[in-house]
Amino acid sequence: MNSGFVAVALPIALGVIMFGLGLALTPADFTRVARQPKVVLIALACQMLVLPLVAFGLVNLFQLAPLAAIGLMLLAAAPGGATANLFSHLFGGDVALNVSLTAVNSIISVVTVPVITNAAIAHFGPDDGPGSLGVQFGKAVQVFAMVLIPVAIGMTVRALRPAFADRMDKPVRIASALILVFVVLGAVASDRSGLSGDLPGIAAAAALLCAISLTVGYWVPRVLGVADRQAVACSMEIGIHNSAIAITIAISILDSTEIAVPAALYAVFMSPFAAAFGWLISRRLRRADAPELAATLP
């Protein structure tokens, strides 16, 4: 599979994924944010401020090569993925909050992802490395048009044909996952030289970023007084990144498979990590509820 095919197929995969997200959204998902601003602001602060700092620390801890460092920072800046809704549902989270956070975060990331990635390139980038997103702003706009336009189309379909949107939700999710796996594997196969000898360090950094993201996403809101169901939603939203966006920017804008490697590895870790974290939190909540339940029994 050559790099030209990957460059064409990856935006299509991203479009399918974001269309699927749009099928699950309504205008109420955006207006709902105004009714619970505290939890939304906490979640967005974790996503946009805490995670880039965590990623920066991991880059220095594992002494990642410049392109891998840029890739991890790009990944940390990427918004939450649609799969967060599923994991939130499985483990008792506030799914409506997940949907709202995903919608708002996807729009805000049009600004935050280029800014954070540009800063990473300025700090870590080698002299002969890829150009910054700021220089290629027009191309960055094209990528985020691939994010927002399919979302808008999906929302329109839901508004006009809600029954059809419900029927298509599961097939589109399955198709988007399969397409993304196929294209990521193709991207790696097309440029094996992009996989440096630093792969174990990149994998460890991506795994730790995933674990820390899930933990920060739950405990920071809880410490600040957010209810458990909403904290679970925040955890899944912050821990499950839209790696497709990071991979698309790495390959389509920065023309680097190596920058895409952290996001590809993160995509491997995030589902089992989210499932394990959700199970642990569920056990904790059951233990916390047990004394209260026992007190109500005769």
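The values are calculated or read from the model by the stated rules, or taken from the named source; none is laboratory data. What you are looking at is a predicted structure, and each value in this text was computed from that prediction instead of being measured. Cβ sites come from the backbone with ideal geometry, for glycine too, and all protein chains shown count toward neighbours. SASA here: full protein model, heavy atoms, side chains in, ligands and nucleic acids out. Shrake-Rupley method; radii C 1.70, N 1.55, O 1.52, S 1.80 Å.
Please verify whether segment 30-47 includes one or more residues that are open to solvent by less than 10 Å² (accessible area, probe 1.4 Å), closer than 28 Å to A119 by Cα and more than 15 Å from the chain's Cα centre (by Cα).
yes
Taking L72, is it closer than 19 Å to L214 by Cβ, open to solvent by 10 Å² or more (accessible area, probe 1.4 Å) and touching a residue at least 60 places away in the same chain (Cβ under 8 Å)?
The answer is no for L72.
Going by what's in this entry, would F56 be described as within 12 Å of L101 (Cα to Cα) and under 21 Å from the mean Cα position of the chain (by Cα)?
Answer is no for this residue.
Inside segment 227-236, can you point out the residues that are open to solvent by 10 Å² or more (accessible area, probe 1.4 Å) and part of a helix (DSSP H, G or I)?
Within segment 227-236, D228, R229, Q230 meet the criteria.
Looking at segment 1-94, what helices (runs of 4 or more DSSP H) fall wholly within it and have at least 1 residues that are among the basic types (K, R)?
Correct list: 37-45.
Give segment 88-113 a look and list any residue that's open to solvent by less than 20 Å² (accessible area, probe 1.4 Å) and not hydroxyl-bearing (S, T, Y), or say none.
Result: G93, L97, N98, V99, L101, A103, N105, V113.
Kindly establish whether G57 is open to solvent by 20 Å² or more (accessible area, probe 1.4 Å), at positive phi and not β-branched (V, I, T).
No, not satisfied.
Picking from G278, G239, which residue would you name as being of a type outside the set (V, I, T), under 22 Å from L53 (Cβ atoms), surrounded by 15 or more Cβ atoms within 10 Å (Cβ to Cβ) and at pLDDT 85 or above?
G239
Just to be sure before I move on: is A165 open to solvent by less than 70 Å² (accessible area, probe 1.4 Å), modelled with pLDDT of 75 or more and at negative phi in the structure I sent?
Here the answer is yes, as A165 does meet what is asked.
Among what's in segment 116-152 and is at pLDDT 85 or above and open to solvent by 90 Å² or more (accessible area, probe 1.4 Å), pick the residue that is farthest from N242 (Cα to Cα).
H123
Out of everything in segment 244-269 that is among the small types (G, A, S) and surrounded by fewer than 24 Cβ atoms within 10 Å (Cβ to Cβ), what residue ends up being modelled with the highest pLDDT?
S256
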